[in-house]
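The values are calculated or read from the model by the stated rules, or taken from the named source; none is laboratory data. Since this is a predicted model, take the numbers as computed values, not measurements. Cβ: placed from backbone, ideal geometry, glycine included. Neighbour counts: every protein chain shown. With ligands, DNA and RNA removed, areas are computed over all heavy atoms of the protein, side chains included. Shrake-Rupley method; radii C 1.70, N 1.55, O 1.52, S 1.80 Å.
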Amino acid sequence: EWQVVGNGAAALVESGNLLMLGSRLIDKEDWIKMARGLMDAATVALKATEEKNVEKLLDSGEAINEACDTCHQKYQR
């Protein structure tokens, strides 16, 4: 299970990179900050899976959710 969650966290980190490429880049201010926020939160989750640290993983989940919600509130079409 740790590997599955870790793979998901790694995918979120990479998704943040993809959000900043080409036509996906909406603007160079908030969009980039929010994409980096997602990457930072997902990196914490990835490290938590490597450490098998449940508390750290749960905390990172809250940060991931906040990063997603904040961006969707501003940019969802």
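Some values worked out for this structure:
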quantity	calculated
Failed item in (1) open to solvent by less than 100 Å² (accessible area, probe 1.4 Å); (2) part of a helix (DSSP H, G or I), with Glu62 passing the rest	(1)
Test: residue in the range 41-48 that is farther than 13 Å from Ala9 by Cβ, surrounded by 15 or more Cβ atoms within 10 Å (Cβ to Cβ) and over 9 Å from the mean Cα position of the chain (by Cα)	no
